[in-house]
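Report on the following structure.
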Amino acid sequence: MDDKLRVVFRDIFGVRPEDFSDDLSVDNVESWDSIKHLTLVLCLEQAFNIQFPAEASGRLTNVRAIKSMLSAPCAAATQTVV
Amino acid sequence: MIDTLGQRWETILACARSVEPCHFLAAHARIAREISQLRQAKQLPKDIIPVRIVLLRSAIVEPMVPSLVAELAVRGFAAEAILGPLGSIVPEILHPRSLLNRDTFDLCLVLPITELVLPSVFDPASEQDVRRRALDNYLRALEQLSQTFAGHIIVCNFAPPDMLLMPNYQAQNPGSGRYFVARANEEIALLASCRSNVSVCDLDMLTRRLGSQRFWSRRDMASSMQPLTPDAMLALARQIADICCLVFHRAMVKCIVLDCDNTLWGGVLGEEQASDRIHLGEAYPGICYLQFQKQLSQLKELGYLLALNSKNNDADVRQLFENHPSMALKYNDFAAVRVNWNDKASNMVSIAEELKLGLDSFLFLDDSEFEVNLMCERLPQVRCLKVPDEPWQVPGLLASRILDCLHVTPEDRAKTHMYTHESRRKEFYHKAGSLEDFLKGLGMVLRFEPFKEQEHLRRAAQLTQKTNQFNLTTRRYTEPELLAAHKEGALIFLGSLQDRFGNYGRIILAIVMPRNDREVCLDTFLMSCRAIGRGVENVFLKLILNRLHELGYLELIAEYMPNSKNALCDGFLERNGFTNAEKTSEGGAICRLDLQLLADIDECWIDVEGMEANSQHG
């Protein structure tokens, strides 16, 4: 999971892989604004092949929260259903 | 230094080309950032077109923008996109100090959300005149945009609704929003057909093709005003990038080169298999190949040339074309034919020579993976598509947007005829005793035509975009750019040529920019390569010199800008009396000619028309 997240953070925010950590958040990543946040959520969904509920987006504001959301089976369970 | 620049761009391109569709968002974000760095550092390779895009939009589309930049990069553009304020398309156009009107852009992209631009359009209870007023406002704004914006405009048309209340009621009612949107799209198309700087991006068709469920993200629209699913972002970015290729005439296909067996018909034509065993006709799988041939024939009518490049016995193929009852194409629909046992790359080179086209003008279709790979490897400029093994997939092959254009000129429609005339000329050439007899026997008439917007704009811009070999400066003009130059005083002259075998159409163009009362510059001088070797360019130049002299100018300054394709122009200026005044850093020359020392026309085999009409303008 760490590897995938490291790539996503490098690609979207330009965070160097060696600087990636659980402590990254909207407060300390400069380019992490509300617009980039939309891309981040969509990228996480692509990378982990899941779909977050609409309310989840507001809680994914730091790496720790993202990790716990990704590992919580119920939250991550909604695969794309048409 | 230049190498490393090129390499950096190539690395970015390689990434952009190999992105997996299921993970593209992050990769495109990175690619777009790297391109923006290269742009800011002004480190773009020379042949990459920089484009500044302003995006007017109803909703948040920022997550789509990196994909647009990446898809444009794959097609040879380094794009920078600046977004107008959210939800403000009409005010942005109308306000004199808006972002759009304060700054300069090459391209304006208009991306409306139907329900936001035409409020209550899908409300089954709403009145029709409310919708009509909203649409009229919007169309008026687009009209104004087309008049004031200096670059090109791409307008996405209206998508049908994702959710429709009372769909059956709306379906029965011709005044319903469902049909109103279709009519609105026709009105947008009407605007685009009247305005040379407006093109439509068919969002309507795109959402249908993908399915509106897959296209629209109701979740993101509700939670953050961002309407698109990732699938939609990718599809829309590709569609817009494809239109940009058409607008900026990026490497267009002019000729479709075809294999025969399992491409134009099913099965293999050969001694062991009689021609009645070939699949072509009304029954499966022959119907697929018949449909494919009909599509090729339609494309031919619109100006694409067809050619054969196939490993068969020529006599067998000829016979099949003559005798098979279901053949939709005829043998003489092909502008060039190489049916032999040579390798296909060598055949391709010889077809390019015969048709006088660059290799990047060709699209090669073959059912054999080996042949396609060989072509890609030996001649990477040629675009290749593998014909699918499943016959029912074959007709879909030509729906690819490599084969598309925004406008069709009369010259396009007549193109295959012109090549037929050309082969008759060749026969005549072999019969004629000498070059002079041949030229005299052609009975050429060159018609001199000063620029008229209605008649000439489209063709003149097309000539600057498509002509490579006989082109002194290779300056490319879009229609709006050319019109703007004309309004600022540029003198534009075209020439059309005819001989006893047929009409060449308008094939020669010059753009002259006055510098002051005494001096004029030859900004552009080009001729379509099908008229090369007749002396037409010398005659046309002299007509222009005469005209400039009549207008009172004393000196003409001309530049030759050599590149990999236009070596045909070497020495042209010097041969026509220009003195080579200075060398340029790119190996070209700036030459001058005294307009008071005019020479006579030597090419007595060319008659000239249209000079008297011009003196009224002068």
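The values are calculated or read from the model by the stated rules, or taken from the named source; none is laboratory data. This structure is a prediction, so every number in the text was calculated from the model and none was measured. Backbone-built Cβ (ideal geometry, glycine too); neighbour counts: all protein chains shown. For accessibility, only protein heavy atoms count, side chains too; no ligands or nucleic acids. Shrake-Rupley method; radii C 1.70, N 1.55, O 1.52, S 1.80 Å.
Values as computed for the structure displayed
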| read-out | value |
| --- | --- |
| Residue match in segment B:185-201 (condition: out of contact with any Asp or Glu (no Cβ under 8 Å at 6 or more places or on another chain), open to solvent by less than 20 Å² (accessible area, probe 1.4 Å) and over 24 Å from B:Asn137 (Cβ atoms)) | no |
| Count - residues of segment B:466-485 that are over 18 Å from B:Glu537 (Cβ atoms) and buried (at least 19 other Cβ atoms within 10 Å of the Cβ) | 6 |
| Enumeration of residues in segment B:5-19 that are over 18 Å from B:Ala241 (Cα atoms) and either surrounded by fewer than 11 Cβ atoms within 10 Å (Cβ to Cβ) or of a type in the set (Asp, Glu) (or both) | B:Glu10 |
| All positions within segment B:497-519 that are assigned to a strand (DSSP E or B) and out of contact with any helix residue (DSSP H, G or I) (no Cβ under 6 Å at 6 or more places or on another chain) | B:Gln498, B:Asn503, B:Ile511, B:Val512, B:Met513, B:Pro514, B:Glu519 |
| Selection count, segment B:53-75, where residues are away from chain A (no Cβ under 14 Å) and free of Cβ contacts under 8 Å to residues at least 60 places away in the same chain | 4 |
| Selection status of B:Ile31, in a helix (DSSP H, G or I), more than 18 Å from A:Val41 (Cα to Cα), open to solvent by less than 20 Å² (accessible area, probe 1.4 Å) and facing chain A (nearest Cβ under 10 Å) | yes |
| Count of residues meeting criterion [more than 12 Å from every other protein chain (Cβ to nearest Cβ) and among the small types (Gly, Ala, Ser)] in segment A:1-20 | 0 |
| Helices (runs of 4 or more DSSP H) fully within segment B:207-312 counting 3 or more residues that are within 17 Å of B:Lys330 (Cα to Cα) | B:286-301 |
| Residue selected from segment B:218-247 under the condition closer than 27 Å to B:Phe77 by Cβ and either at the interface with chain A (Cβ under 9 Å from one of its Cβ atoms) or among the basic types (Lys, Arg) (or both), by the criterion most open to solvent (accessible area, probe 1.4 Å) | B:Arg238 |
| Residue selected from segment A:21-53 under the condition of a type outside the set (Asp, Glu) and in contact (Cβ under 8 Å) with a residue 40 or more places away in the chain, by the criterion nearest to the other protein chains (Cβ to nearest Cβ) | A:Ala47 |
| Among residues of segment B:291-318, those that are open to solvent by less than 10 Å² (accessible area, probe 1.4 Å) and either within 24 Å of B:Gly267 (Cβ to Cβ) or touching an Asp or Glu at 6+ places or on another chain (Cβ under 6 Å) (or both), counted | 11 |
| Unique match (being at pLDDT below 95 and in contact with a Lys or Arg (Cβ under 6 Å, 6 or more places away or on another chain)) among A:Ala72, A:Ala76, A:Ala65 | A:Ala65 |
| Single residue of B:Cys604, B:Cys569 found to be open to solvent by 80 Å² or more (accessible area, probe 1.4 Å) and under 30 Å from B:Lys440 (Cβ atoms) | B:Cys604 |
